[in-house]
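Down below is the structure, laid out as structure tokens.
The values are calculated or read from the model by the stated rules, or taken from the named source; none is laboratory data. Every value quoted in this text rests on a predicted model; they were computed, and no experiment measured them. All Cβ positions, even for glycine, are placed from backbone atoms using ideal geometry, and neighbour counts span all protein chains on display.
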Amino acid sequence: MSDNILFTPFTLKGLQLPNRIVMAPMTRGMAKAGIPGPENVEYYRRRAQGNVGLILTEGTVVNRPASRNMAGIPFIPR
């Protein structure tokens, strides 16, 4: 079986991707004080330069200690 299909364009409901490679969010715990910073930008910049078709970024939580299960998860400040 060939992996060439991974490198072919993909279109669905107006979303056009240059290839079928999708990267899941991987920066959990990198947002110091809950605010994404230069480390997050650099992380995603490197992935984008690698020609990933789609990069899913992190979700956020509300700014309440009980909403996070570890430090460094991005949150929405009040």
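Can you pull out every residue in region 10-28 that is in a loop (DSSP other than H, G, I, E, B) and exposed (fewer than 13 other Cβ atoms within 10 Å of the Cβ)?
Within region 10-28, K13, G14, A24, P25 meet the criteria.
Give me a count of the residues in region 53-78 that are outside any strand (DSSP E or B), closer than 14 Å to M30 by Cβ and not charged (D, E, K, R).
Selection size over region 53-78: 8.
Considering only region 29-52, state which residues are in a loop (DSSP other than H, G, I, E, B), loosely packed, with under 15 Cβ neighbours inside 10 Å and not β-branched (V, I, T).
Listed by number, the residues that qualify are G29, G37, G50, N51.
What about I55, is it farther than 30 Å from P9 by Cβ and surrounded by 11 or more Cβ atoms within 10 Å (Cβ to Cβ)?
no
Do the conditions hold for T60, that is, is it exposed (fewer than 11 other Cβ atoms within 10 Å of the Cβ), modelled with pLDDT of 80 or more and not small (G, A, S)?
no
Check whether at least one residue in region 1-9 is surrounded by 11 or more Cβ atoms within 10 Å (Cβ to Cβ), free of Cβ contacts under 8 Å to residues at least 40 places away in the same chain and assigned to a helix (DSSP H, G or I), and report yes or no.
yes
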